[in-house]
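One structure is given below, encoded as structure tokens.
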Protein chains: 4
Amino acid sequence: MKDRKLLMIPGPIEFEPEVLAAIGEPTTSHVDPEFIETFGRAIELIRKVWMAPNGQPFILAGSGTLAMDAAGANLIEPGDRALVLSTGLFGERFAELLSRYGADVTLLPFPLGETVDYGRVKEALASGDYKLMTATHVDTSTGVRVDPKPLGRLGREYGVLTVLDGVCSVAGEELRQEEWGIDVVLTASQKAIGVPPGLALLVASERAIAAFEGRKQPVGSYYVDWGSWLPIMRGYEARHPAYFATPPVNLICGLGVSLNRIIAEGLDRRIARHRRLARAFRAGISALGLSQVPTDSAHAANTLTAPRYPDGVSGVEFLGHVRDAGVILAGGLHPEIASEYFRIGHMGAVTEGEILTTIGAVETGLRRSGHRFVPGAGVKAVQEALSDPD
Amino acid sequence: MKDRKLLMIPGPIEFEPEVLAAIGEPTTSHVDPEFIETFGRAIELIRKVWMAPNGQPFILAGSGTLAMDAAGANLIEPGDRALVLSTGLFGERFAELLSRYGADVTLLPFPLGETVDYGRVKEALASGDYKLMTATHVDTSTGVRVDPKPLGRLGREYGVLTVLDGVCSVAGEELRQEEWGIDVVLTASQKAIGVPPGLALLVASERAIAAFEGRKQPVGSYYVDWGSWLPIMRGYEARHPAYFATPPVNLICGLGVSLNRIIAEGLDRRIARHRRLARAFRAGISALGLSQVPTDSAHAANTLTAPRYPDGVSGVEFLGHVRDAGVILAGGLHPEIASEYFRIGHMGAVTEGEILTTIGAVETGLRRSGHRFVPGAGVKAVQEALSDPD
Amino acid sequence: MKDRKLLMIPGPIEFEPEVLAAIGEPTTSHVDPEFIETFGRAIELIRKVWMAPNGQPFILAGSGTLAMDAAGANLIEPGDRALVLSTGLFGERFAELLSRYGADVTLLPFPLGETVDYGRVKEALASGDYKLMTATHVDTSTGVRVDPKPLGRLGREYGVLTVLDGVCSVAGEELRQEEWGIDVVLTASQKAIGVPPGLALLVASERAIAAFEGRKQPVGSYYVDWGSWLPIMRGYEARHPAYFATPPVNLICGLGVSLNRIIAEGLDRRIARHRRLARAFRAGISALGLSQVPTDSAHAANTLTAPRYPDGVSGVEFLGHVRDAGVILAGGLHPEIASEYFRIGHMGAVTEGEILTTIGAVETGLRRSGHRFVPGAGVKAVQEALSDPD
Amino acid sequence: MKDRKLLMIPGPIEFEPEVLAAIGEPTTSHVDPEFIETFGRAIELIRKVWMAPNGQPFILAGSGTLAMDAAGANLIEPGDRALVLSTGLFGERFAELLSRYGADVTLLPFPLGETVDYGRVKEALASGDYKLMTATHVDTSTGVRVDPKPLGRLGREYGVLTVLDGVCSVAGEELRQEEWGIDVVLTASQKAIGVPPGLALLVASERAIAAFEGRKQPVGSYYVDWGSWLPIMRGYEARHPAYFATPPVNLICGLGVSLNRIIAEGLDRRIARHRRLARAFRAGISALGLSQVPTDSAHAANTLTAPRYPDGVSGVEFLGHVRDAGVILAGGLHPEIASEYFRIGHMGAVTEGEILTTIGAVETGLRRSGHRFVPGAGVKAVQEALSDPD
């Protein structure tokens, strides 16, 4: 069993005890009236969290990659052209995935640590006849945040479907799917949504559903075919369940609890909290003399931070020291620089105290790794930032 | 929250408190040493439960349908011929699924309630050049059990890959994957494996992996591509984790607990328990004057029972009465006869007491629905059957 | 961890998952607003369950014996005369306890298996100047039930304070403390109240509180002194907590859940359920040829049954066989006949199914112990009794 | 349900998830073999934690006050003289309690914030014929720590039984009961022992048991009479359970888990951790310009800290701000200065991160209450202190 070490990786995160209690409850039938209500209500709440009042939510047993799969498989037909804006590993994954379903993919990579340059996107759109364009709201491998508003706007302008990989952003970064005109926003449960891993979540716009319904060929993957899931999602939402595959009852009960908490906190307050804590944490990291993978804090994620190790600090050793000090962090993931940086998740129910705890443990880890700095400089900078009027 | 009503549907079932406690524990990192050990050990234990010492297990976030998808997508290339032996709804689903991946499917349906006639299978195999053949060990929609031994034998004889849908059988019915020469056996967690829904489980034989590796075309579905999962499964088994998608940590912790319990009980004893309780339950059903969907008790499943309502009994009303008496049963699923029968799951950690409880509640439901029988006849027959020396 | 064996002893019993979940939640402060509400509400609900709208509830960390201690220590002053009506071991315990606080105790024992003969009580009251009289509503050691109505009536008639030991009765047997004029009714959490052991619960009438307040000498025991607890109980009920000792937060949270469920079921329905299931269980025991410790079923408890072993059956062996069959029963407790009988608790959230399960396991145990009977006779009799219109 | 706010009061504390999981498990029988082992082993481990290899542990359902009651009631006979060394509210409580059992009590109070002056104790012992002497290891109301070594030494020198109230110290402060010659050390579960409230724990020396056995009069309180509990404790330790009152099964299961963790950490390391974290926390408090109730940090507790509010800061308002910042602290308890100070518990499984979190929230609370200080000064001082080589 996990002890009281603090899990500060970019997913899975520390979950609310109430969510954990819900998933550990005795499993009920998937057609039990109380479960039907829980499932139906979760579908409704997802619309609110995504800010997509006319969108169609899907809740599937699977990982975040399955959510990407669902977007790609349902919207791509062999030969379709797709433009993938890449700010890290997960952009590249989307390119590979879309190719699998027959897409002719143009990968538009941005330099490591930089965000999307929409001027270049516009050029690409102007030059090609794309059906679909994807971007990664926050790339978990780099901590780079992309502004999704131009994505939607350009998509509408050029008649291109837009898919936003929100695995590391939904419920932690500002998102207004419908207002911004984005066709699919997908995520996984174990990130800012706050539910143990095992659920793939996505919302499709009316335009996306129409595109799906106008397909000429069957969906490439059987499991994620929206045609099988639409009656299920609509059925549970109408509180008249239908059967395609047994839903992951316990995880959905946990999802219900977590969505209720998100709504109770209020989306604006929740996003502001993420922003405030991220800014404080970055202040602490800077005060310790560490730089970060994102080239500008203006496009650094609010859900995770990706600091580079200072000279002379070994990642494996450092992460071990931090762990001994009670906090679990993640190493680098992007192959080009994997050994040069580490990653801290700070999303979901994360608190001021956890930010302090984490920067304190980072100080301890750096000190034990031989890095020189003024003891307490990191925690002081965090506390100062938290003291600022917002 | 589920109250103390007994859940006796063919999945999800009543889970062990120890399994539920494990999935409700605070989530740990997917690269935490303790979790690596849990995941690695689960992979090893799956081999034992499937009796496939040289098989390759896969543990994926998803439903049982995803396990079918994984088998089909990885083994079928467009144009391959497939023979689907159907004893209910899930045979038909397999046919549809394989077609999706480009298979040329021959559906060999057996009359409702009857098991596979291997004479007809042999004829079919002799007449066609099949790459793959599937059967449903226990069809959840009919309660019909198929003997998997000839499936493997004929597969080897005719050089055809064999896939056994064991969703409603693995860990409840006798299974010797390697000895019987079956190439893929798949299941879902929420059945006799005894873990809340959300895990797709399968074991591929060396021959199946070789067939996969010899593919000329990429796998149709991105998410289930064994090429992505093999390094993960092999990595965790070697206790050196690799990353493709975040594993469903909590469910895998529950799986570890349940597999340990299955091994501790002993496979032979476990199968014998399922057989003994199923026989007793069928005796009770017969004593109340009800017939069953399987045409012969010799091929009735040991994991579920599918009795037909007696004349004049309405299913909706009856199931409500049974529920009021404290037991939750499932209605019919097979479209041809959905309103004519009901289904009782009795698998996993099911006990003698739960069998008695269930038949008692069935008596109550029948009585309140106006069916005439000797009160106590059902429970007496069950108890007599349980008293028989085994 | 307890496996899925059914715990059918006269406390602790099988608790509702929702109660267990509540006690396993992270502990909150004893002055947290939510806990104050939970505690205050529990005090209010206890009054409803005891049917004592003007009574003063006490909720203390301790066992049922502590609840007896609280009644005795607060109401007895050295030299007071006390009359103890004894129908088993727990009557004797009350005599010993009252003596400890200086009472001059007259023990009025009734023959083993018989209930209180109020004619003899009246004689005793007429002949002595008693301050206090106690009775055991259901004696857990014999399964004998006492009618508490004459207890209250005679107490009022003779100006004697009355204490009812309801450890094995409250929330399982009919109880109307105020209407019946009983001064203290006490119990423990782990019986029909449905909460794991660790809480002593009692309600004192206005008359009892007045007697306490009129004491000339301090209370003999420091911990149970109502003088320390009254401000606490009144404070939490007014939602203004006071401090004497840290309350057992987790157990009180569980108590809140269980009391809510009791009220939701309805006291009348709950008592009727206990009566109906007890009658059915006794029918099963009789059908197997076993007699019971209570000499007449009219005064047999509805919360437990105390059958005698048939000739030739060894208790240790029998209880082991029953356990192997999945049900845990208790051996005899009364020293005179401890090896001659066993005890089955059936209270709290007990269901029809558990009654059937238990009688089925008793059959199995008897059969394996060599007792001869018609297989299924017990379960049949139970089912028949359950089929009777109530 | 408690949310993720951090509970930093001097009991109940934040408990390990593993402990909470254990108490939320389905309750087993108190004579179940697995529970017998758990209970027996807990008794053995208590001896280790108390460092009293020949002591007799008692585990009772009740609060810490009940543990005091057990010590007082079993060792005092009417007329015995008792010397109570008081360093706060709980010394006064012990005086009141001992009087209840007939003791002739001399209360030796030390000035608020000061520790025991053993010169005065020696004088008192020399002048009177005492049977019993008590001290409070850490008084929860003042945060004053007393050195228990002279207590034991003087007790032996003057032939006086010694009782140490270790409610706020056992498993958090250095304790060597047998080496130091202390006759009874008592505590409650919800403090540094790390188990939700509801268990009273104490260990009696051979000398204490002999004194008990030599009593001329029966023990004043029935429930805590060691005569009833000795066969139970010895029975469970010998793995042959006996019955007096139903043990609080779930809490004892939690106790077993927590004691195992304490032993696994190692007593020396655990005490050193408490000392190190307390020192760091006090450094943070000082850096913010706050003084403390203990007059000298040499006798300040390592399990809690009791800072005084700076001028102009209102306690109610401050504690509300701290709570809003995610940490729950306790107000003052000692009646003379209740509104002038607050209390922070830091014991049990407390971590560096929680110390930082708490001081950070204290900064936030002070700032919002109008106190002027250098932002970050508190967290910086804590981090510096944590950075010091130990």
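The values are calculated or read from the model by the stated rules, or taken from the named source; none is laboratory data. Everything quoted here is computed from the prediction, not taken from an experiment. Positions of Cβ are generated from backbone atoms using ideal geometry, with glycine treated the same way; all protein chains shown enter the neighbour counts.
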Being within 25 Å of D:T303 (Cα to Cα), within 14 Å of another protein chain (Cβ to nearest Cβ) and of a type in the set (S, T, N, Q) is the requirement here; does D:T115 meet it?
no
Mind checking which residues of the stretch C:126-177 are of a type in the set (V, I, T) and crowded, with 24+ Cβ neighbours inside 10 Å?
C:T134, C:T136, C:V138, C:T140, C:T142, C:V144, C:V146, C:T162, C:V163, C:V167, C:V170
Is the stretch D:304-321 home to any residue that is over 25 Å from the mean Cα position of the chain (by Cα), within 30 Å of A:D3 (Cβ to Cβ), of a type outside the set (D, E, K, R) and part of a loop (DSSP other than H, G, I, E, B)?
no
When you check C:R93 against the structure, is it in contact (Cβ under 8 Å) with a residue 24 or more places away in the chain and more than 21 Å from C:L154 (Cα to Cα), yes or no?
yes
Looking at D:G40, D:G113, which is the one that is assigned to a helix (DSSP H, G or I) and in the same structural domain as D:L164 (by TED's automatic domain parsing)?
D:G40
Could you check how many residues of the stretch B:334-390 are in contact (Cβ under 8 Å) with a residue 40 or more places away in the chain, in a loop (DSSP other than H, G, I, E, B) and among the small types (G, A, S)?
4
Note on the stretch B:80-125: residues among the acidic types (D, E) and buried (at least 18 other Cβ atoms within 10 Å of the Cβ) are B:D80, B:E92
Just name the residue that is surrounded by the most Cβ atoms within 10 Å (Cβ to Cβ) out of those in the stretch D:33-53 that are touching a Lys or Arg at 6+ places or on another chain (Cβ under 8 Å) and more than 14 Å from chain C (Cβ to nearest Cβ).
D:G40
Mind listing whichever residues of the stretch B:54-69 are at the interface with chain A (Cβ under 9 Å from one of its Cβ atoms) and at negative phi?
B:L60, B:A61, B:S63, B:G64, B:T65, B:L66, B:M68, B:D69
Show the residue pairs that are 6+ apart or on different chains and have beta-carbon atoms under 7 Å apart, the first residue being within the stretch A:112-125 and more than 30 Å from A:G332 (Cα to Cα), the second being of a type in the set (V, I, T).
A:A124/A:T106; A:L125/A:V160
Can you pull out the residues in the stretch B:226-240 that are more than 12 Å from chain A (Cβ to nearest Cβ), at negative phi and not acidic (D, E)?
B:W226, B:L230, B:P231, B:M233, B:R234, B:G235, B:Y236, B:A238, B:H240
Kindly indicate whether A:L255 is hydrophobic (A, V, I, L, M, F, W, C), assigned to a helix (DSSP H, G or I) and in contact with a Leu (Cβ under 8 Å, 6 or more places away or on another chain).
yes
Residue list for the stretch C:7-19, restricted to those being of a type outside the set (G, A, S) and either in a loop (DSSP other than H, G, I, E, B) or at pLDDT below 95 (or both):
C:M8, C:I9, C:P10, C:P12, C:I13, C:E14, C:F15, C:E16, C:P17, C:E18
Based on what the data block shows, is D:V224 among the hydrophobic types (A, V, I, L, M, F, W, C), assigned to a loop (DSSP other than H, G, I, E, B) and under 24 Å from D:M51 (Cα atoms)?
yes
Regarding the stretch A:100-107, can at least one residue be identified that is touching a residue at least 12 places away in the same chain (Cβ under 8 Å) and assigned to a helix (DSSP H, G or I)?
yes
Number of positions in the stretch A:13-32 that are touching a helix residue (DSSP H, G or I) at 6+ places or on another chain (Cβ under 6 Å) and either buried (at least 21 other Cβ atoms within 10 Å of the Cβ) or at the interface with chain B (Cβ under 7 Å from one of its Cβ atoms) (or both):
9
State whether one or more residues within the stretch D:2-11 are more than 9 Å from every other protein chain (Cβ to nearest Cβ) and under 30 Å from C:V316 (Cα atoms).
no
Of the candidates C:G266, C:G289, the one satisfying the condition of being without any contact (Cβ under 8 Å) to a residue 40 or more places away in the chain and away from chain D (no Cβ under 14 Å) is C:G266
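Among the listed residues C:R261, C:R323, C:R308, C:R276, which satisfies the condition of being closer than 13 Å to C:V382 by Cβ, in contact (Cβ under 8 Å) with a residue 24 or more places away in the chain and surrounded by fewer than 22 Cβ atoms within 10 Å (Cβ to Cβ)?
Going through C:R261, C:R323, C:R308, C:R276 in turn, the sole match is C:R276.
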When the stretch D:324-339 is checked residue by residue, the ones that are of a type in the set (A, V, I, L, M, F, W, C) and either closer than 19 Å to D:G88 by Cα or in contact with a strand residue (DSSP E or B) (Cβ under 6 Å, 6 or more places away or on another chain) (or both) are D:V327, D:I328, D:L329, D:A330, D:L333, D:I337, D:A338
Say we look at the stretch C:345-368 and pick out the residues that are within 13 Å of chain B (Cβ to nearest Cβ) and in contact with a Pro (Cβ under 9 Å, 6 or more places away or on another chain); which of these is surrounded by the fewest Cβ atoms within 10 Å (Cβ to Cβ)?
C:R367
Against the definition (over 30 Å from B:T358 (Cα atoms), in contact with a Leu (Cβ under 7 Å, 6 or more places away or on another chain) and without any contact (Cβ under 8 Å) to a residue 24 or more places away in the chain), how does B:P33 come out, yes or no?
no
Any residue at all in the stretch C:307-317 that is farther than 30 Å from C:P26 by Cβ and within 14 Å of chain D (Cβ to nearest Cβ)?
yes
